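Single-structure report; data block below.
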Amino acid sequence: MARYLVTGGAGFIGSRMVRRLLERGDTAVVLDDLSTGFRENVPPGAEFVQGDLADPAVWEGLSPEGVDAVLHLGAQSSGEVSHEDPLRDFDVNARGSLLLLGWCERHGVRRLLHASSMAVYGNSDRPSAEDAPKRPGSFYGASKLAAEGYITLFARRGGAPTVFRLFNVYGPGQNLGNLKQGMVSIYMAYLLDGEPVLVKGSLDRFRDFVYVDDVVDAWMAALARPETAGETYNLASGRRTTVRELLDGLLAAFGRAGEDRVVQGEGTAGDIAGSVADISKIRRELEWSPKTELREGLGRMVRWARERRGASAREDV
């Protein structure tokens, strides 16, 4: 049995990660400021600490007792928000990561898994491999790339980090109330409310969507392989999906195939035309492949969202 510190463990991906750790018999400490996560997302059995990653006092007061490794998912992860408040974006993603790494060094916690982002690559019309040029087009991408730089130094100073560049993660549990983060959840929120879907930018933009449980599988595989220390992996499906194709898939999942439910608006600052991953490295070294096709994943997410909406309605009666 191991003990893990999970930053961002009250969020969409982090809480899923914590649940998997507990299911396999490990213990977890969740650190989250609840700016986008929710206390109720933290599974029973996990210890919860509320705190801001960018606050030095949090790291001074956080006990390292028994912590074997850190799963670092805490972040400001909206490109749009990063342009509204770039200093806060830097504080959380870059400064917060640096403070975490200092805490790890002081307490001898060498093993770290870090959630970076596709945003470090910027716009690309072809699949990006891990050694592709890094040309972030948003403050968010720049802050995540800065965090990767600090992690490289951490490795040179004796740390054992593994970096995952997450592409567009989606699935049950995604925050449907946040209309500035998560393309799938944003569009789904409009459809649940019976409203036209506001698309900010071209329908021909493309992304690489990966299901949340497949993401968790990859992190668990890395924890089981010490040889992944010092490595960076794209974590994605390796498939290109346009915004138009995503909307068609969502409408089909809602049983509304063929409906025209789209209103186009101006694109957001720093948005990119295309992003898709080359996942040959993670397939080879972690023996990992995405299991969930987009159509199947969207269906699961729609069922979850409808059940959640129905449960809320019953509670209000």
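The values are calculated or read from the model by the stated rules, or taken from the named source; none is laboratory data. Since this is a predicted model, take the numbers as computed values, not measurements. Every residue, glycine as well, gets a Cβ built from its backbone with ideal geometry; the counts of neighbours run over all protein chains shown. With ligands, DNA and RNA removed, areas are computed over all heavy atoms of the protein, side chains included. Shrake-Rupley method; radii C 1.70, N 1.55, O 1.52, S 1.80 Å.
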Does segment 65-79 include one or more residues that are more than 26 Å from Ala236 (Cβ to Cβ) and either within 19 Å of the chain's Cα centre (by Cα) or surrounded by 16 or more Cβ atoms within 10 Å (Cβ to Cβ) (or both)? yes
Do any residues in segment 154-183 that are on the phi > 0 side of the Ramachandran plot and modelled with pLDDT of 95 or more have Cβ atoms under 7 Å from those of residues that are open to solvent by 40 Å² or more (accessible area, probe 1.4 Å) and assigned to a loop (DSSP other than H, G, I, E, B), where the two are at least six apart or on different chains, and which pairs are they? Gly158/Arg110
Taking segment 143-184 on its own, how many of its residues are open to solvent by less than 30 Å² (accessible area, probe 1.4 Å), outside any helix (DSSP H, G or I) and charged (D, E, K, R)? 1
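Here is a yes/no grid of residues against (1) in contact with a helix residue (DSSP H, G or I) (Cβ under 9 Å, 6 or more places away or on another chain); (2) of a type in the set (Phe, Trp, Tyr):
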site	(1), (2)
Ala28	yes, no
Phe48	yes, yes
Asp55	yes, no
Gly61	no, no
Ala69	yes, no
Arg88	yes, no
Val92	yes, no
Lone unmet requirement of (1) within 22 Å of Gly182 (Cα to Cα); (2) surrounded by fewer than 19 Cβ atoms within 10 Å (Cβ to Cβ) for Gly61: (1)
Could you please give the count of residues in segment 236-256 that are touching a Pro at 6+ places or on another chain (Cβ under 9 Å) and either of a type in the set (S, T, N, Q) or open to solvent by less than 40 Å² (accessible area, probe 1.4 Å) (or both)? 3
Of the conditions (1) surrounded by fewer than 24 Cβ atoms within 10 Å (Cβ to Cβ); (2) over 25 Å from Ile272 (Cα atoms), Arg126 satisfies every one except a single condition; which number is it? (2)
Return a yes/no flag: does segment 21-43 have any residue that is among the hydrophobic types (A, V, I, L, M, F, W, C), out of contact with any Pro (no Cβ under 8 Å at 6 or more places or on another chain), assigned to a helix (DSSP H, G or I) and under 21 Å from Pro161 (Cβ atoms). yes
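Table: residues versus (1) touching a strand residue (DSSP E or B) at 6+ places or on another chain (Cβ under 8 Å); (2) in contact (Cβ under 8 Å) with a residue 24 or more places away in the chain.
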site: Pro44; (1), (2): no, no
site: Pro56; (1), (2): no, yes
site: Glu65; (1), (2): no, no
site: Val70; (1), (2): yes, yes
site: Leu73; (1), (2): yes, yes
site: Gln76; (1), (2): no, yes
site: Asn93; (1), (2): no, yes
site: Cys104; (1), (2): yes, yes
Have a look at Tyr187, Tyr140 and point out the one that is in a helix (DSSP H, G or I) and either in contact with a Leu (Cβ under 9 Å, 6 or more places away or on another chain) or surrounded by fewer than 16 Cβ atoms within 10 Å (Cβ to Cβ) (or both). Tyr187
